[in-house]
Amino acid sequence: GQNIDQPTEMTATEGAIVQINCTYQTSGFNGLFWYQQHAGEAPTFLSYNVLDGLEEKGRFSSFLSRSKGYSYLLLKELQMKDSASYLCAVRDGDYKLSFGAGTTVTVRA
Amino acid sequence: ETGVTQTPRHLVMGMTNKKSLKCEQHLGHNAMYWYKQSAKKPLELMFVYNFKEQTENNSVPSRFSPECPNSSHLFLHLHTLQPEDSALYLCASSQERDGSYEQYFGPGTRLTVT
């Protein structure tokens with residue numbers, strides 16, 4: 001089966017930086033996604049990595065190392081609105097995404 | 001309407017009821033998905049449709065029956081459900097082409113089985 005691990009919860013202060021790690025062991029790999037999900041809302045796309053390295057998009061960056069089966073999502077200059085669940089997902093076949101259980105990030109003033 | 005819409009947003013049903021969830025995507029995508037999201041668990045892929053053809057059935061019990069009449073609409077028919085089926089049911093769509101596999105999610109239907 002697919003195995004995608006990420007921490008359950010993280011807490012950080014407004015203005016700080018938080019790094020959410022994701023490790024995966026899957027039968028196939030065609031890219032890794034990060035989604036943000038606010039309570040009671042739909043997941044929304046944040047980033048997609050298919051090659052090794054860092055992808056930067058404003059305050060959010062995502063890193064991938066395929067040889068290590070590892071990714072992280074970096075959230076900089078945290079804002080209260082960043083309090084949400086962050087989902088790591090691996091595209092492991094045509095049309096298939098396998099998700100981790102999500103990391104709940106709480107931003108405190 | 002834009003994006004992916006789902007109705008109803010909330011549903012309470014008894015174990016002997018029959019109900020249907022509806023999903024519509026307004027993005028011109030060719031693939032649609034049903035996911036189940038339970039508390040503290042990963043999203044579970046249930047069904048995948050590509051150009052109206054079912055390409056994935058992830059060992060889902062037969063009390064869940066999907067229907068995809070066209071590439072914009074997806075239904076999930078429910079009958080004789082169990083309390084453990086209570087969850088958030090999310091619909092998603094994507095346009096499968098090189099370099100772009102992002103899935104767009106609807107707001108979900110919060111289902112409670114009593």
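The values are calculated or read from the model by the stated rules, or taken from the named source; none is laboratory data. From a predicted model like this one, the values you see are computed outputs, not experimental measurements. All Cβ positions, even for glycine, are placed from backbone atoms using ideal geometry, and neighbour counts span all protein chains on display. Calculation scope for accessible area: heavy atoms of the full protein, side chains included, ligands and nucleic acids excluded. Shrake-Rupley method; radii C 1.70, N 1.55, O 1.52, S 1.80 Å.
If you go through the stretch A:95-109 and keep only what is open to solvent by 40 Å² or more (accessible area, probe 1.4 Å) and in contact (Cβ under 8 Å) with a residue 40 or more places away in the chain, you end up with A:101, A:104, A:106, A:108, A:109. Within the set B:61, B:42, the sole residue that is part of a loop (DSSP other than H, G, I, E, B), buried (at least 19 other Cβ atoms within 10 Å of the Cβ) and without any contact (Cβ under 8 Å) to a residue 40 or more places away in the chain turns out to be B:42. Residue A:54 meets each of the listed conditions (1) open to solvent by 60 Å² or more (accessible area, probe 1.4 Å); (2) assigned to a loop (DSSP other than H, G, I, E, B); (3) not charged (D, E, K, R) apart from (2). Give the stretch B:45-56 a look and list any residue that's farther than 30 Å from residue A:84 by Cα and outside any loop (DSSP other than H, G, I, E, B), or say none. Hits for the stretch B:45-56 are B:50, B:53, B:54, B:55. Scan the stretch B:85-96 residue by residue and report those that are at pLDDT 95 or above and either outside any strand (DSSP E or B) or open to solvent by 40 Å² or more (accessible area, probe 1.4 Å) (or both). B:85, B:86 - these are the residues of the stretch B:85-96 that are at pLDDT 95 or above and either outside any strand (DSSP E or B) or open to solvent by 40 Å² or more (accessible area, probe 1.4 Å) (or both).
Determine whether residue A:61 is more than 23 Å from residue B:3 (Cβ to Cβ), open to solvent by less than 60 Å² (accessible area, probe 1.4 Å), more than 11 Å from every other protein chain (Cβ to nearest Cβ) and of a type in the set (Gly, Ala, Ser). It is true that residue A:61 is more than 23 Å from residue B:3 (Cβ to Cβ), open to solvent by less than 60 Å² (accessible area, probe 1.4 Å), more than 11 Å from every other protein chain (Cβ to nearest Cβ) and of a type in the set (Gly, Ala, Ser). Of all the residues in the stretch A:19-44, those that are under 14 Å from the mean Cα position of the chain (by Cα) and surrounded by fewer than 19 Cβ atoms within 10 Å (Cβ to Cβ) number 6. I'm told residue B:30 meets every condition in (1) within 14 Å of another protein chain (Cβ to nearest Cβ); (2) crowded, with 20+ Cβ neighbours inside 10 Å except one. Can you identify the failing condition by its number? Every listed condition holds for residue B:30 apart from (2).
Considering only residues in the stretch A:82-109 that are outside any strand (DSSP E or B) and more than 10 Å from every other protein chain (Cβ to nearest Cβ), the one that is farthest from residue A:59 (Cα to Cα) turns out to be A:109. Looking at the stretch B:9-23, I want the residues that are surrounded by 14 or more Cβ atoms within 10 Å (Cβ to Cβ) and have a partner that is among the polar types (S, T, N, Q) and assigned to a loop (DSSP other than H, G, I, E, B) with Cβ atoms under 9 Å, at least 6 apart or on another chain. Which pairs are those? Cβ pairs passing all conditions: B:13/B:114; B:17/B:80. In the set (1) assigned to a strand (DSSP E or B); (2) surrounded by 13 or more Cβ atoms within 10 Å (Cβ to Cβ); (3) in contact (Cβ under 8 Å) with a residue 40 or more places away in the chain, residue A:47 fails one condition alone, (3).
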